[in-house]
1. Hey, got the dipole for the chain? About the Cα centre, +1 on K and R Cβ, -1 on D and E Cβ, debye to the nearest 20?
2. I want to verify a result. In a Gaussian network model of the chain, Cα cutoff 10 Å, which of these has the top mean-square fluctuation: Asn77, Asn31, Asn52?
3. If Lys and Arg each add +1 and Asp and Glu each add -1, what is the summed charge of the other residues whose beta carbon sits under 11 Å from the beta carbon of Ile233?
4. Name the helices (complete DSSP H segments) of the chain with a Cα length along the long axis of 18 Å or more and a Kyte-Doolittle mean of at least -1.0, or state none.
5. Per residue, how large is the accessible surface of segment 152-197? Use a 1.4 angstrom probe and give square angstrom.
6. Could you give the distance between the Cα centres of segment 76-98 and segment 99-118, to the whole Å?
7. How fast does segment 31-180 diffuse by Stokes-Einstein, in µm²/s, taking the Kirkwood radius from C-alpha pairs at 4 °C and 1.567 mPa s?
8. Within a Cβ distance under 11 Å of Pro131, other residues only, what is the Lys/Arg minus Asp/Glu net charge?
Amino acid sequence: MKTTNLIFKGLLCSALMLALSTQVYAAEKLNIGITLQPYYSYVKAVVGDKANIVPLVDAGFNPHNYQPQPNDLRRLNQMDIIVVNGIGHDDFALKVIAAANRDDLVVIEANKDVPLLPAMGQSVGDGAVNPHTFVGLSTTIQKVYTIANELSKLDPENARFYRSNARKYSLAFRKLKHEAMVELGDLDTSGMVVATTHNAYGYLLQEFGVDVAAVIEPAHGVEPSASQLQETITKIRQSGIDVLFYELNMPNRYVDTIEEATSVQLYRFSHMTHGPYEAGKVEKEMKENLDTLIEAMQFVAKRKVS
């Protein structure tokens with residue numbers, strides 16, 4: 001009986017020690033901050049449940065005109081690491097980081113290894129780059145690898161897990177591109193000319209050999225003036241633009257005017273920064289964007305033949 005009690009006490013002690021160690025491990029999980037919806041998807045895919053993901057700002061904000069709030073600083077102070085776009089799409093976050101004055105905060109610049117495109121638009125300054133790398137396939141893959149590699153340096157115990165997850169996630173996007181290429185087959189879209197309402201889709205379009213001839217909005221969410229709109233209509237007519245891509249979740253009242261004046265075909269792309277933070281959002285909306293692009297390219301090919 002005494003031996004049985006000792007064994008029971010030993011098992012109970014072991015169980016308590018395991019529970020305590022589990023609690024300590026949970027408490028020691030990294031708190032990784034993100035600034036934009038796509039980076040939530042990337043980081044979640046890489047870390048799984050081995051880290052906590054803390055959005056800097058509540059979902060539903062417009063990063064192009066967002067102004068930092070006191071609550072942002074409070075959230076930042078919970079983070080060990082923050083993953084940033086860093087090239088113009090989350091400048092609000094860079095202001096909060098500077099204001100926090102935290103030498104211990106690790107900032108991962110997701111775009112540091114991405115080949116960047118120049119920005120387009122009427123209000124773009126010299127040397128500006130297109131910050132919408134999250135809309136492209138190859139750029140998304142590169143960023144996921146960068147995030148995984150940087151996190152592996154900071155958390156070497158989970159490095160193999162992070163890198164394995166990055167490869168799996170990246171494979172999904174390579175498959176999406178391959179499937180799109182197969183569906184397009186030998187379609188001749190060499191003469192396809194497009195315009196966009198916003199300087200957002202160049203990284204995706206370039207992967208399929210599509211050049212953007214015109215960007216209509218002076219700045220994101222800013223409608224063109226009457227004279228700017230007329231200049232755009234004239235350019236579309238003179239350039240033989242086939243397709244106008246515009247943003248799925250933004251009001252573009254002037255788009256109807258352009259359609260009526262030019263008969264240009266309209267297609268909508270997701271910007272991937274709207275709605276709640278969701279792990280599968282980028283993969284889902286990337287697939288939808290590819291379906292839209294395929295439809296547009298098939299439309300142009302048929303029209304060129306006829």
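The values are calculated or read from the model by the stated rules, or taken from the named source; none is laboratory data. Keep in mind that this is a model prediction, so the values were computed, not measured. Glycine gets a Cβ as well: all are built from the backbone with ideal geometry, and neighbour counts include every protein chain shown. Surface areas here come from the heavy atoms of the whole protein model, side chains and all, with no ligands, DNA or RNA. Shrake-Rupley method; radii C 1.70, N 1.55, O 1.52, S 1.80 Å.
1. Details: 29 positive and 35 negative charges, 257 e Å.
Rounded to the nearest 20 debye, it is 1240 debye.
2. Ranking Asn77, Asn31, Asn52 by mean-square fluctuation puts Asn77 first.
3. -1
4. Details: long enough: 2-27 (37 Å, 0.99); 137-154 (26 Å, 0.17); 159-184 (38 Å, -0.67); 226-239 (19 Å, -0.77); 281-305 (36 Å, -0.57).
Span-like helices, by this rule, are 2-27, 137-154, 159-184, 226-239, 281-305.
5. Ligands and nucleic acids excluded, the figure is 60 Å² per residue.
6. So the two Cα centres are separated by 8 Å.
7. For the chosen part, D equals 81 µm²/s.
8. Numbers: positive: none; negative: Asp90, Asp91.
Within the 11 Å Cβ shell, the charges total -2.
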